[in-house]
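Engineer: Mind having a look at this structure? Questions to follow.
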Amino acid sequence: MNRFLLFLILIVCISSCNISKDKSRNSYSVSTELVSTSGRTSEKKDSSVILINSASAIHFKAKTDTLIVDFELPETDHAYINLEINDTYKGRFKVKKSLPLKFPLNDRTGFHDISIFKATEASTGAVIVKKIEAFEIDKLDLPKRPEIEFIGNSITCGMGADILEIPCGNGEWYDQHNAYMAYGPRIARALDTDFKLNCVSGMGMYRNWNDEDQPVMPDVYENLYLNSDSKEKANFENAPDIISIALGTNDFSLGDGEKKRTEFNREKFTTAYIDFVEMLFSKYPNVKIALLDSPMLNAEQKSILSDVFKEIKNEFLEKEITIFQFKNISPGGCTGHPDIENHEAMAKQLIPFFRNLLKS
């Protein structure tokens, strides 16, 4: 074999090795400093990260042809996440127990900005992100921006909103959840702010949709998992600029019509609301609070809520509290909830309101 042929074979082997090496993916811990989080999250001893509340998320940069993300579901057999690549929404994806998701990026040379959001809520069970596989990942430089915290019920969570793949009445009750497309995150994206959602379907301020003796939002808000387990508390170190509260729909609700339901108690509702606002101010003394009514209430209920809001505002004259009243919508989602288009309409109503709050 002549020297030229040997040289040619050597070059081919070196090139093949480089290509093979270039195509190999590395496995990255989610708790690495290269991956940042938002919303309510918790880190496990095995370096995996628990996504707890609606739209809690991980953020990072990835260079790879196909991004592979391993998940674990300790409480359910499936859940949903939303994927955003380079600030572009790529859709809602079903997570199955112990099965990784693969996302083609179609570009193996440059970095892509990746955000993975939990589409379901805290009460549907945790979504654990175990590891990321890519050629390389890097820290996503997130700018310091104002933050809006949205507190609410199923509407704020985006329950029943996404009926494109699974029609209402099919699958599990959370199969139409889409927190990313709910009105809160839409407002935040439109105004270039950060956001977090602390919401629980069916919850009210002094009673819930179909019960009057179970924990309500003031009972669970401080607990990390937004339930009655008080052993782990949420982190309240970083104050949001604005807190939006949209509760009351379930307090007014008649429930399922089978379980005994007392008349709406305005005094209990008002007292619970004032106490809750006072607790928020104790954590965030300088926060601005927005009180939102609901686009799902009738005229009498909206009038009552308006009067209650005025009482709350008068209770905190030295604080900045503003009131917003929705124009009613015709819900197109499941079980009388807004669908994705309704959430877009709600966000359009609210964007000027929050823009002014951010400027004030």
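The values are calculated or read from the model by the stated rules, or taken from the named source; none is laboratory data. Predicted, not measured: the structure shown is a model, and the values here were computed from it. Counting neighbours? That spans all protein chains shown, and the Cβs are built from the backbone with ideal geometry, glycine included. Just the protein is used for accessible areas: all its heavy atoms, side chains included, with ligands, DNA and RNA removed. Shrake-Rupley method; radii C 1.70, N 1.55, O 1.52, S 1.80 Å.
Engineer: HN-Hα J couplings of segment 348-353 from phi, Karplus 6.51/-1.76/1.60, θ = phi - 60°, integer Hz, Gly and Pro as x?
Structural biologist: Once rounded to whole Hz, the list reads 5, 5, 8, 4, x, 4.
Engineer: What dipole magnitude, in Debye to the nearest 20, does the chain give about its Cα centre under +1 on Lys/Arg Cβ and -1 on Asp/Glu Cβ?
Structural biologist: With only Lys, Arg, Asp and Glu charged at Cβ, the dipole is about 1240 debye.
Engineer: If you take every DSSP beta bridge fully contained in the chain, what fraction is antiparallel? Give it as a percent rounded to 5.
Structural biologist: So the antiparallel bridges amount to about 70 percent of the total.
Engineer: Using a 1.4 angstrom probe, figure out how much accessible area segment 253-336 has per residue, in square angstrom, rounded to the nearest whole.
Structural biologist: 57
Engineer: Moving on to the next point. Quick one: with all protein chains in place, what share of the accessible area of the chain is carbon or sulfur, to the nearest percent (1.4 Å probe)?
Structural biologist: Working: 8520 of 17350 Å².
That share works out to 49 percent.
Engineer: For residue 90, which sequence-distant residues (separation of 5 or more, or a different chain) have an amide H within less than 5 Å of its own amide H, given hydrogens modelled in the peptide plane?
Structural biologist: HN-HN under 5 Å from residue 90: 83, 84, 85.
Engineer: With θ set to phi - 60°, apply the Karplus curve 6.51 cos²θ - 1.76 cosθ + 1.60 along segment 150-157 and write out the HN-Hα couplings as whole Hz, x wherever there is a Gly or Pro.
Structural biologist: For segment 150-157, the Karplus curve yields 10, 9, x, 10, 4, 4, 5, 6 Hz.
Engineer: Quick one: in the chain, what % of C-alpha pairs are over 36 Å apart?
Structural biologist: On the way: 16819 of 64620 pairs.
In whole percent, the share of Cα-Cα pairs in the chain beyond 36 Å is 26.
Engineer: What accessible area per residue, rounded to a whole number of Å², is obtained for segment 142-214 using a probe radius of 1.4 Å?
Structural biologist: Per-residue value: 37 Å².
Engineer: How large is ³J(HN,Hα), in whole Hz, for each residue of segment 170-183 in order, when computed from phi with the Karplus curve 6.51 cos²θ - 1.76 cosθ + 1.60 and θ = phi - 60°, using x for Gly and Pro?
Structural biologist: 10, x, 7, 5, 9, 5, 10, 5, 8, 5, 4, 9, 6, 4
Engineer: How far, in nm, would the chain grow between residue 314 and residue 228 when pulled straight, counting 0.36 nm per residue and subtracting the alpha carbon separation? Kindly include the intermediate steps, with their values, before the conclusion.
Structural biologist: Numbers: separation 86, 0.36 × 86 = 30.96 nm, distance 3.09 nm.
Result: 27.9 nm gained on full extension.
Engineer: Let me have the relative contact order for segment 188-316, percent, based on Cα pairs under 8 Å that are six or more residues apart.
Structural biologist: 24 percent.
Engineer: Long-range amide H contacts for residue 204: which residues qualify at under 5 Å (H placed 1.01 Å from N, peptide plane, sequence gap of 5 or more or a different chain)?
Structural biologist: 209, 217
Engineer: List the trypsin sites (Lys or Arg not before Pro) within segment 80-132 that DSSP assigns to loop and that have no more than 15 neighbouring Cβ atoms inside 10 Å.
Structural biologist: 97
Engineer: Under the rule of -39500 (n - 2.57) per DSSP H run of 4 or more residues, summed and divided by the residues of the chain, what mean residue ellipticity at 222 nm is obtained, to the nearest 500 deg cm²/dmol?
Structural biologist: The helix contribution divided over the chain gives -8500 deg cm²/dmol.
Engineer: I've got another one for you. Based on alpha-carbon centroids, what's the gap between segment 267-312 and segment 147-210 in Å, whole number please?
Structural biologist: The two parts, judged by their Cα centres, are 19 Å apart.
Engineer: Here's another thing I want to ask about it. Scan segment 253-347 for GluC sites (Glu not before Pro) in coil per DSSP, keeping those whose Cβ has at most 12 other Cβ atoms within 10 Å, and list them by number.
Structural biologist: 258, 263, 318
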